[in-house]
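The values are calculated or read from the model by the stated rules, or taken from the named source; none is laboratory data. All values derive from a computational prediction rather than experimental measurement. Heads up, the Cβs are rebuilt from the backbone with ideal geometry, glycines too, and the neighbour counts pull from every protein chain shown. Just so you know, the surface numbers come from the protein's heavy atoms only, side chains and all, with ligands and any DNA or RNA stripped out. Shrake-Rupley method; radii C 1.70, N 1.55, O 1.52, S 1.80 Å.
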Amino acid sequence: MGFVRSLGITTIVEEDNNAQTGVIGGLKYGVTVEELTNAYAAIANQGVFNDAYMIKEIRDANNEIVYKHKSDPQRVVSEQSAYLMTDMLRTVITDGTAVTLQNKFKNYGKIPIAGKTGTTQNYGDVWFQGFTPDVTLGVWAGHEKVIHTLKTKEAQGRARSIWAEIMNSVTEAKPELFPTKEFHKPDGIVSMTVSSVSGKLPTELTRASGKLVTDIFNAKFVPKEPDDALVKVKYISYNGVNYLPQPGTPEDLLRESIMIVRETPLDTLIEELKSVLGKVKTAKPLSYYLPKDAAQSAPSKIDPRQDDGSAPNPPGHIAVETVNGKVRVSFTPAGQADIAGYRLYRAVDGGSYNKVEASVPTGQEPKFVNYISSGQSYSYYVTSVDVAGNESAPSEITSTNGLPAEPDPGFPNGGDPNGGDNGSGQPDSVVSVPNAPVGLTVRASDIGASLSWRANSSQEGVTQYQVWFSAAQQGNYTLLGTTDTPDFEYVDTLTSGWYQVTAVNANGESEPSAAVKLN
């Protein structure tokens, strides 16, 4: 077993009138640079630890040895584990946080290197532990006092820069210290294709979702269990979180997908997060805390929305645009919290209306794309459907030829397909700005304040509501957030004060609602 040389460098940088001075010192925190470098040297040394030393031997005036360092090598991890760790740490330089070493280290590609960057909060300290098969070098750079930070990009990469400069000098002056041209791969390392989610053996679901990765393993510990981190499930989304559907939610508003089973489901984490946020002063909505892969998380809880007992309002502001043999039908969502999605109905050349295209669940872009044939006219309307399966009356009807269309006599809930009448037989147009919202109620919740109000008419084309707060009724109101449904959760511990809501459409913002006080 070879001996890997290790060297730790501590650089303390202090600021004095914008001047920087470098000092070599032995500042010690929980782990010294020497101790950390010793640990990484054991990885480079195929799992064998050798304690670093400075004095090899001492001779007297007669050239007699009076002291000689005695190495005490100890195996701390297996050769296989050390190689697996080395293989991972190589990616830090190939495509990780130390890619700059590909240019800064002059022998990159000739001498194999691996390593790990490190920082403390706000860049108070930066680290780099890097090694070849023969030499390990650790560098720390930072301030003696933690009240300072490394503010510039150059300063934040200082540990890597120092490492590269030292290694460039050493490889040039002492090339004999670097005889090994590759990291030693021990016996017992095998390559396998496994689930990229769980690391277990692929199943049909794993392959169908494409979540596969080929990696190396210690042959003694190759996975033997099938992947259990994926499941095919029907679901519905609400506020960015996937839920199991309620029994009455129609099938056409559900989606089916292969999803990731988290150790703690995301819908459960959201409930826990609400409890924690109730103790923290913050005005950020829950959506701020959702992970980027929230859409891939398998649900475990049933959709928490409650049916309000009546059919929802129809969507408004229906628009038809014909482009290259297809029609884009866009609309403004109706806004009620219990709406699960929207359906598109079509009539060809004045015939009967039939549902077409996949339904659009709430939260997705409010549009349908329908393919058509030339030489025919098409009429469309959209309906809202709630979590219990109740369907609204039809929206206003629009057509590709711009002419008025007849109502749908066969619509199961009846109702005026034009969504309202202004006395001329034509649908009401969108008003210049919405009316002020009405029916605002505010109550204290476990995490702050819960607000709700009556949704504006779909004909007003409301795209969002804005929620405002002031400590005094006649004071300056501050915007708390926006929502596309007539309810809002304000997450904060200091909620006592006055609340108002405004409605926004394409033409502007409404007057504020009546102010409501929460004690």
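Rolling a 1.4 Å probe over the protein chains gives ILE166 an accessible area of about 50 Å².
Could you order SER169, SER198 by accessible surface area, starting with the largest, using a probe radius of 1.4 Å?
The most accessible residue leads, giving SER169, SER198.
Could I get the Rg over Rh figure for the range 250-397? Both from C-alpha atoms, Rh via Kirkwood, rounded to two places.
Over the Cα atoms of the range 250-397, Rg/Rh equals 1.06.
The loop-placed trypsin sites (Lys or Arg not before Pro) in the range 195-249, going by DSSP, that have at most 12 neighbouring Cβ atoms within 10 Å of their Cβ come out as LYS224. Taking the empirical scaling 2.2 N^0.38 Å for compact globular proteins as reference, the range 432-519 has a Cα radius of gyration ratio of 1.03. Of the two radii for the range 115-234, the radius of gyration is 1.17 times the Kirkwood radius, both from the alpha carbons; that is the Rg over Rh value. Heavy-atom accessible area, probed at 1.4 angstrom with all protein chains present, ranks THR32, THR132 as THR32, THR132, highest first.
The length gained on full extension between SER78 and GLU154, counted as 0.36 nm times the residue separation minus their Cα-Cα distance, comes to 23.6 nm.
Compute the length gained on full extension between THR214 and SER169: take 0.36 nm times their separation in residues and subtract their Cα-Cα distance, giving the result in nm to one decimal.
12.4 nm is the gain from fully extending THR214 to SER169.
Normalised by residue count, the range 25-141 yields a Cα convex hull volume of 159 Å³ per residue.
Model label sites at SER191 and ASP349, defined 7 Å from Cα along the beta-carbon direction, differ in position by 6.2 nm. The range 319-387: D in µm²/s via Stokes-Einstein (Kirkwood Rh, Cα pairs, 37 °C, 0.692 mPa s)? In µm²/s, the coefficient is 260. Taking all protein chains together and a 1.4 Å probe, the residues ILE65, ILE113 rank ILE65, ILE113 from largest to smallest accessible area. Would you give the gap between the C-alpha center of the range 473-516 and the C-alpha center of the range 443-467, rounded to a whole Å? Their Cα centres are 8 Å away from one another.
Using a probe of 1.4 Å on the protein chains alone, the accessible area found for LEU205 is around 50 Å². Centre-to-centre separation between the Cα atoms of the range 160-234 and those of the range 348-374: 48 Å. Here the range 31-71 is treated with +1 on each Lys and Arg Cβ and -1 on each Asp and Glu Cβ, and its dipole about the Cα centre works out to around 120 debye. Taking 7 Å steps out from each Cα toward its Cβ at GLU509 and VAL146 produces label points 4.2 nm apart.
Explain nothing, just the number: dipole magnitude of the range 446-519 about its Cα centre with +1 on each Lys and Arg Cβ and -1 on each Asp and Glu Cβ, in debye rounded to the nearest 20. The partial results should precede the final answer.
Values: 2 positive and 8 negative charges, 41 e Å.
Once rounded to the nearest 20, the dipole reads 200 debye.
Placing unit charges on the Cβ atoms of the charged side chains and taking the dipole of the chain about its Cα centre, the candidate lying farthest along the positive direction among PRO512, SER352, VAL231 is VAL231. Using a 1.4 angstrom probe and counting only protein chains, how large is the accessible area of GLU391 in Å², to 10? So the heavy atoms of GLU391 present about 20 Å² to solvent. Accessible area per residue for the chain is 54 Å², calculated with a 1.4 Å probe on protein heavy atoms, without ligands, DNA or RNA. Each Lys and Arg adds +1 at its Cβ and each Asp and Glu adds -1 at its Cβ; summed about the Cα centre, the chain shows a dipole of about 1720 debye.
List residues of the range 41-74, by number, whose backbone nitrogen lies under 16 Å from a label position 7 Å along Cα→C-beta of THR180. Of the residues in the range 41-74, 41-52, 73-74 have backbone N under 16 Å from the label point off THR180.
Starting from the Cα gyration tensor of the range 84-163, take the square roots of the eigenvalues, sort them a ≥ b ≥ c, and report rounded, prolate or oblate (rounded when a/c is under 1.5, otherwise prolate if a/b is larger than b/c, else oblate). In terms of gyration-tensor shape, prolate. Between the listed residues SER198, SER71, ASN38, the Cα displaced farthest toward the positive end of the dipole of the chain, a dipole computed from Cβ unit charges relative to the Cα centre, is found at SER71.
Protein heavy-atom surface of the chain, 1.4 angstrom probe: 50% of the accessible area is carbon and sulfur, with nucleic acids and ligands not counted. Within the straight-line cut-off of under 27 Å between alpha carbons, the lysines reachable from LYS220 are LYS116, LYS185, LYS200, LYS211, sequence neighbours fewer than 8 places apart in one chain being disregarded. In the range 175-319, the alpha-carbon atoms span a convex hull of 284 Å³ per residue.
If you plug the beta carbon distance of GLU57 and LYS292 into 1/(1 + (r/R0)^6) with R0 = 51 Å, you get a FRET efficiency near 0.35.
For the pair LYS224 and ILE302, a Förster radius of 51 Å applied to the C-beta separation gives a FRET efficiency near 0.90, rounded to the nearest 0.05. Each part gets one Cα centre, and for the range 68-144 versus the range 287-316 those centres are 46 Å apart.
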